[in-house]
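Novice: Sharing a structure with you now.
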Amino acid sequence: MRLACLLAAMMLAPGALAGEVANPLQPSALWEDMRLAVIGTDEEPPVDPAIFDLDAPPRADNPALVPVRITQPPGAPAIRSLALVVDGNPAPVAAEFTFGAALMPLDFEVRVRVDNYSDLRAIATLEDGRKVMAGRFVKASGGCAAPAGKSMDEVRATMGEMRFRQSEGDGRRIGTLMIRHPNFSGLQRDQVTLLTIPAEFIQTLEVKQGEAPLFTMEAGISISEDPVFRFAHAPGQGPVTVHAEDTEGRAWDQSF
């Protein structure tokens with residue numbers, strides 16, 4: 001039941017914000033300061049919805065669970081990698097992803113924490129090396145310090161558990177992966193002791209079908225608690241395998 005609620009809360013319907021982009025990217029001094037460090041160039045990547053787009057709610061219901069959906073139209077050039085950035089967060093780079101050919105055209109969703117009213121942007125690197133950007137301005141605050149949704153005992157008892165399900169849609173499979181992990185940001189307090197909980201989060205993730213890569217992630221503190229990843233992919237051969245590692249050196253592997 002909890003999983004179903006999490007998935008329902010996460011998912012943005014196709015085109016949910018289409019035609020009413022009430023929250024386009026805003027001028028951001030924070031982004032100007034970090035752009036070179038994040039993408040390796042001072043040149044502003046163009047915004048081109050014909051290549052890809054990013055949807056996120058104008059105002060988040062829960063700043064610790066903000067859904068972000070990245071999509072491409074049919075025929076768009078393949079995205080090789082993507083950096084997801086929340087300008088106003090203490091550690092702005094939420095995650096860096098790579099994608100396999102089976103995920104093209106991209107339809108990928110993840111949940112992030114948003115700590116202040118902020119631009120939330122994705123910078124994609126295409127196969128020819130070009131960089132393209134998309135994003136939304138999101139009104140949310142306090143997501144990085146929001147208390148964990150479970151007790152510490154429950155966190156430790158369920159850490160690393162995974163759930164995976166697949167459905168069919170438009171000739172592709174829709175995979176939804178959830179991993180139990182608190183993804184502590186280092187800014188939260190234990191609700192019993194009131195002591196700050198050290199940062200502890202899933203740092204690397206690799207998802208394959210058979211030997212074919214689906215996606216990888218190198219993450220920071222801004223990916224949500226109990227992260228959920230929803231992705232469309234071409235049918236392939238073999239089981240879907242998941243390898244995850246956190247900042248404490250723990251590793252989990254599962255096959256579905």
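Novice: Of the residues Thr241, Thr204, only one is within 29 Å of Asp115 (Cβ to Cβ) and polar (S, T, N, Q); which? Give the derivation first.
Specialist: Numbers: Thr241 fails: within 29 Å of Asp115 (Cβ to Cβ).
The unique qualifying residue is Thr204.
Novice: So, in region 91-113, exactly how many residues are surrounded by fewer than 19 Cβ atoms within 10 Å (Cβ to Cβ) and of a type in the set (Asp, Glu)?
Specialist: Qualifying residue count for the region: 1.
Yes/no matrix, rows are residues, columns are (1) in a loop (DSSP other than H, G, I, E, B); (2) of a type in the set (A, V, I, L, M, F, W, C); (3) more than 14 Å from the chain's Cα centre (by Cα):
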| residue | (1), (2), (3) |
| --- | --- |
| Ile51 | yes, yes, yes |
| Pro74 | yes, no, yes |
| Ala94 | no, yes, no |
| Thr98 | no, no, no |
| Arg156 | no, no, yes |
| Arg163 | no, no, yes |
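Novice: Across region 126-145, what is the number of residues that are outside any strand (DSSP E or B) and open to solvent by less than 20 Å² (accessible area, probe 1.4 Å)? Full working, then the answer.
Specialist: At the first step, the residues of region 126-145 found to be outside any strand (DSSP E or B) are 127-130, 140-145.
Keeping just the survivors that are open to solvent by less than 20 Å² (accessible area, probe 1.4 Å) gives 140, 143-144.
The total comes to 3.
Novice: What pairs come up if the first residue lies in region 147-161 and is within 14 Å of Ile197 (Cβ to Cβ), the second is open to solvent by 60 Å² or more (accessible area, probe 1.4 Å), and their beta carbons are under 7 Å apart, counting only those six or more places apart or on different chains?
Specialist: Pro147/Gln191
Novice: Just for region 40-59: of the residues that are open to solvent by 20 Å² or more (accessible area, probe 1.4 Å) and among the aliphatic types (A, V, I, L, M), which one is farthest from Ala101 (Cα to Cα)? Break it down into steps so the answer makes sense when it comes.
Specialist: Taking region 40-59 as the starting set, the residues that turn out to be open to solvent by 20 Å² or more (accessible area, probe 1.4 Å) are 40-44, 46-50, 53, 55, 57-59.
Narrowing further to those that are among the aliphatic types (A, V, I, L, M): 47, 50.
Details: Val47: 23, Ala50: 19 Å.
It comes out as Val47.
Novice: Right, something else. For region 146-163, which positions are open to solvent by less than 40 Å² (accessible area, probe 1.4 Å) and not hydroxyl-bearing (Ser, Thr, Tyr)? Outline the logic, then answer.
Specialist: If we filter region 146-163 for residues that are open to solvent by less than 40 Å² (accessible area, probe 1.4 Å), which is where we start, we get 146, 148, 150, 155, 158-160, 162.
Hits for region 146-163 are Ala146, Ala148, Lys150, Val155, Met159, Gly160, Met162.
The values are calculated or read from the model by the stated rules, or taken from the named source; none is laboratory data. All values reported here derive from a predicted model rather than from experimental measurement. In this analysis, Cβ positions are derived from the backbone assuming ideal geometry, glycine residues included, and neighbour counts consider all displayed protein chains. The accessibility values were calculated without ligands, DNA or RNA, using every heavy atom of the protein model including side chains. Shrake-Rupley method; radii C 1.70, N 1.55, O 1.52, S 1.80 Å.
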